[in-house]
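Working notes for the structure below.
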Amino acid sequence: MLELGTPAPSSLSSLFMQIRKAVIPAAGLGTRFLPVTMSVPKELLPIIDRPLLQYVIAEAAEAGVEEVIIVTSPGKESISDYFQPHAALEQRLAKSGEEGLLAKVGEATGLAKVSFVLQQEALGLGHAVLMAKDAVGNEPFVVILPDDIIANSPGA
């Protein structure tokens, strides 16, 4: 907060800290997309050739976010699986000369540092964000709720 008599900063951006961490709550049941979400988390539903969550993380990284904390729930292990390296698949694609596919596979793991926090019981959005407290630490962060798609370039 600026006090009276304090010289004005040279630019408005100097008043704000760079946000380098994002929390993405992904622990919900996805009931609006039933029955498909009985087997695929809504965050992994594809939009063209990649899941919504990958688009969201790419946009966050483009905005300067370096670390993404995804809050998941039991039964959504496929979300963390998606963002892990897939060495056997990558080796096979490289060996067969599938460079284009190899690049697509590597996109998911190279966007930002992604970590996961488990919310054991669904107690609401605020609780999901609170579950990321230790991972966020004492830094400013953004909460991203990727429920809407807005096509715009550049992103937010």
List the number of the failed condition for Leu29; all other conditions in (1) within 22 Å of Gly137 (Cα to Cα); (2) surrounded by 13 or more Cβ atoms within 10 Å (Cβ to Cβ); (3) at pLDDT below 90 hold. (1)
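Looking at region 102-120, which of its residues are touching a residue at least 24 places away in the same chain (Cβ under 8 Å) and either more than 19 Å from Ile57 (Cα to Cα) or not in a loop (DSSP other than H, G, I, E, B) (or both)? Let's see the steps before the verdict.
The initial filter retains those residues of region 102-120 that are touching a residue at least 24 places away in the same chain (Cβ under 8 Å), namely 104, 107-109, 111-120.
Lys104, Glu107, Ala108, Thr109, Lys113, Val114, Ser115, Phe116, Val117, Leu118, Gln119, Gln120 - these are the residues of region 102-120 that are touching a residue at least 24 places away in the same chain (Cβ under 8 Å) and either more than 19 Å from Ile57 (Cα to Cα) or not in a loop (DSSP other than H, G, I, E, B) (or both).
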List the number of the failed condition for Ala60; all other conditions in (1) within 14 Å of Asp147 (Cβ to Cβ); (2) at pLDDT 90 or above; (3) buried (at least 16 other Cβ atoms within 10 Å of the Cβ) hold. (1)
Please go through region 57-81 and pick out each residue that is under 22 Å from Leu101 (Cβ atoms) and in contact with a Pro (Cβ under 7 Å, 6 or more places away or on another chain). Ser78, Ile79
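Can you pull out the residues in region 56-81 that are touching a Gly at 6+ places or on another chain (Cβ under 7 Å) and not in a loop (DSSP other than H, G, I, E, B)?
We begin by selecting, within region 56-81, every residue touching a Gly at 6+ places or on another chain (Cβ under 7 Å); these are 59, 62-63.
Selection gives Glu59, Glu62.
The values are calculated or read from the model by the stated rules, or taken from the named source; none is laboratory data. Treat the numbers as computed from the prediction; the structure is a model and nothing was measured. Cβ atoms come from the backbone with ideal geometry, glycine included; neighbour counts cover every protein chain shown.
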